Amino acid sequence: MDSSTITSAWVAGWAVSRSTPAPVVEPWGYRVDVGLPGHAFRHVLPEPDEPSVRKLCETVTEPGAWLKVLAPPERVAGWITPGWTVPDDPGFMMFQELRPSAVPVPPDGYTVRAETRDGVFRVRVTAPDGSPAGRGQVATAGEGATAVVDQVETWPDHRRRGLGRLVMRTLETAAAEAGATTGVLSATRDGLRLYTSLGWRLQGPLTGVVRGTQG
């Protein structure tokens, strides 16, 4: 997938997944009004360059504003202006052809619950003692050919038991059965290992930049 296509799908599906207003198309990419403390809104730049990033950094002054830039963090760090920071948590854009597949059986004592609400399919894994152990969700937007996997997480005490694979295979299969042919996601450094092992392919770096409270 090219950067423009994958970013368009990711932004649209992410907005559905997070229940935000629809993305607004801008000359440099997209704006999404998130409305959370520390994450007021985000600008997404699929094909960034230094002039575009610098202009946004100079004109956006609200604390908690984010840029999501499809470029390596070391390059983006040279483009930003004072008051902006590149956090030490590199991101990666990934994609995968979707098809129904065998979903792993939960470990003994663990239970899996799934529900669809407002266009989002959610999976929750519960530990034997009833505490949360894992989760994930997937959403589609537009014509629904591309699904966006989001908020995949395994709680620390329950890692290395295959729960991440269980959640991902459940999400992939649900999206494929709903008609999606391609999956897109934003991975953290830790998530990159899991997704790669499941056959997801790397599109490229996705660097976050945040506006602080000062400057």
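The values are calculated or read from the model by the stated rules, or taken from the named source; none is laboratory data. What you see is a predicted model; the values in this text were computed from it and never measured. Every residue, glycine as well, gets a Cβ built from its backbone with ideal geometry; the counts of neighbours run over all protein chains shown. Ligands, DNA and RNA are stripped out before the accessible areas are found, and what is left, the full protein with its side chains, is counted by its heavy atoms. Shrake-Rupley method; radii C 1.70, N 1.55, O 1.52, S 1.80 Å.
So what J values fall out for the range 8-17 if you push phi through Karplus, 6.51 cos²θ - 1.76 cosθ + 1.60 with θ = phi - 60°, rounded to Hz, Gly and Pro as x?
3J(HN,Hα) across the range 8-17, in whole Hz: 4, 5, 5, 5, 5, x, 4, 4, 5, 4.
At a 1.4 Å probe radius, carbon and sulfur cover how many percent of the accessible area of the range 150-215?
On the way: 1530 of 3320 Å².
That share works out to 46 percent.
When only C-alpha pairs under 8 Å and at least 6 residues apart count, what is the relative contact order of the range 20-121, in percent? Before the final figure, lay out each step's value.
Values: 98 pairs, mean separation 17.7, N = 102.
Relative contact order, the range 20-121: 17 percent.
Roughly how big is the chain's charge dipole about its Cα centre, with Cβ charges of +1 (Lys, Arg) and -1 (Asp, Glu), in debye to the nearest 20? Could you put the intermediate results ahead of the total?
Details: 22 positive and 23 negative charges, 89 e Å.
Dipole of the chain, to the nearest 20 debye: 420 debye.
How much of the DSSP beta bridge set in the chain is antiparallel, as a percent to the nearest 5? Could you put the intermediate results ahead of the total?
Details: 45 of 54 bridges.
Approximately 85 percent, going by the DSSP bridge assignments.
If you average the C-alpha positions of the range 35-81 and of the range 132-190 separately, how far apart do those two centres end up, in angstrom?
26 Å
For Arg75, what charge total do you get from the other residues with a beta carbon under 12 Å from its beta carbon, if Lys and Arg give +1 and Asp and Glu give -1?
Overall, the nearby charge balance is -3.
Using the basic label-point model (7 angstrom from Cα toward the beta carbon), what is the Thr5 to Ala102 distance in nanometres?
Spacing of the two 7 Å Cα→Cβ label points: 3.2 nm.
Among Pro27, His39, Ser3, flag the residue with its Cα farthest along the positive direction of the charge dipole of the range 1-54, charges on Cβ as +1 for Lys/Arg and -1 for Asp/Glu.
Farthest along the dipole direction, towards plus: His39.
Where only protein heavy atoms count, and the probe is 1.4 Å, what is the accessible area per residue for the chain in Å²? Let's see the in-between values first.
Numbers: 10700 Å² over 215 residues.
Result: 50 Å² of accessible area for each residue.
Report which label in (1) 17.7, 55; (2) 17.8, 58; (3) 24.4, 77 holds the value of Rg and Dmax of the Cα atoms in Å derived from the coordinates of this structure.
Among (1) 17.7, 55; (2) 17.8, 58; (3) 24.4, 77, the one derived from this structure is (1).
List the relative contact order of the chain as a percent without decimals, with contacts defined as Cα pairs under 8 Å and 6+ residues apart. Write out the running numbers ahead of the final one.
Numbers: 454 pairs, mean separation 59.7, N = 215.
It comes to 28 percent, rounded to a whole number.
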